[in-house]
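Down below is the structure, laid out as structure tokens.
The values are calculated or read from the model by the stated rules, or taken from the named source; none is laboratory data. Everything numeric here is computed off the predicted structure, so don't read it as measured data. Because the Cβ atoms are built from the backbone with ideal geometry, glycine has one as well, and the counts that use them run over all protein chains shown. Calculation scope for accessible area: heavy atoms of the full protein, side chains included, ligands and nucleic acids excluded. Shrake-Rupley method; radii C 1.70, N 1.55, O 1.52, S 1.80 Å.
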Amino acid sequence: AQSVSQHNHHVILSEAASLELGCNYSYGGTVNLFWYVQYPGQHLQLLLKYFSGDPLVKGIKGFEAEFIKSKFSFNLRKPSVQWSDTAEYFCAVGPGGYNKLIFGAGTRLAVHP
Amino acid sequence: GAVVSQHPSRVICKSGTSVKIECRSLDFQATTMFWYRQFPKKSLMLMATSNEGSKATYEQGVEKDKFLINHASLTLSTLTVTSAHPEDSSFYICSARVGQTTEAFFGQGTRLTVV
């Protein structure tokens, strides 16, 4: 069965620190990859997505992610976090040929001023 | 971005009754809608995927007779929790997208409490 693993459940950073959240998936075929963010009290919003092409994807609010096919990974990065980045981050995978979107367990990020 | 509206946002029902949750795509036609269940401090668990005009595809372990999904039009899908029990209390979230290679847009979720 397809699955998505997010390695960090809770991350605490100070403002201006760099961020990297891990995401690995188990599916050998073509995939569409997504990172979603859920700010407190709000619904899920798309940060960035990868379908094909350049494996380094830039999203909104200074986030980027790199698709490494050989590692089945799609890690999220941001060079310098802000207090407003405090939220829960979800990695999601759409296995090619399957009409579904599977989510990881999420990573709760807290950024302290 | 596109807007997906879920209604109601909160519902309390008695054990044994049924409750219907609506998911509407307000400014686009959704060929596919997903229904998720989110447990406290857990991820979104995909319950089922529905395509307009066809039967929903349920994930393993999800009872299709208990969680009835209808996707009668390109802008509306409904999830009916039948004969609800307290263990069905949860946060239910729908999402909608056009085609398979576009992002999914999410509703604000429905908090169901069965008493």
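Among (1) part of a loop (DSSP other than H, G, I, E, B); (2) within 10 Å of chain A (Cβ to nearest Cβ); (3) in contact (Cβ under 8 Å) with a residue 12 or more places away in the chain, there is one condition B:K42 misses while meeting the rest; what is its number?
(3)
Can you tell me which residue among A:G106, A:G22, A:G96, A:G29 is in contact (Cβ under 8 Å) with a residue 40 or more places away in the chain, out of contact with any helix residue (DSSP H, G or I) (no Cβ under 6 Å at 6 or more places or on another chain), more than 21 Å from B:I93 (Cβ to Cβ) and at the interface with chain B (Cβ under 10 Å from one of its Cβ atoms)?
Only one candidate qualifies: A:G96.
Contact list please: Cβ distance under 6 Å, first residue in the range B:89-109 and among the charged types (D, E, K, R), second residue open to solvent by 50 Å² or more (accessible area, probe 1.4 Å) and modelled with pLDDT of 85 or more, pairs at least six apart or on different chains.
B:E103/A:K49
Within the range A:74-113, can you find the residues that are open to solvent by 10 Å² or more (accessible area, probe 1.4 Å), modelled with pLDDT of 90 or more and part of a strand (DSSP E or B)?
A:N75, A:R77, A:K78, A:E88, A:F103, A:R108, A:A110, A:H112
How many residues, within the range B:64-101, are in a loop (DSSP other than H, G, I, E, B), within 14 Å of chain A (Cβ to nearest Cβ) and open to solvent by less than 50 Å² (accessible area, probe 1.4 Å)?
1
From the residues in the range A:1-40 that are crowded, with 18+ Cβ neighbours inside 10 Å and among the aromatic types (F, W, Y), which one is farthest from the chain's Cα centre (by Cα)?
Within the range A:1-40, the match that is farthest from the chain's Cα centre (by Cα) is A:Y27.
Counting only residues that are modelled with pLDDT of 85 or more and either within 8 Å of chain A (Cβ to nearest Cβ) or surrounded by fewer than 16 Cβ atoms within 10 Å (Cβ to Cβ) (or both), how many does the range B:46-58 have?
5
So, of the residues in the range B:102-115 that are within 14 Å of another protein chain (Cβ to nearest Cβ) and part of a strand (DSSP E or B), which turns out to be nearest to the chain's Cα centre (by Cα)?
Restricting to residues being within 14 Å of another protein chain (Cβ to nearest Cβ) and part of a strand (DSSP E or B), the top hit is B:T110.
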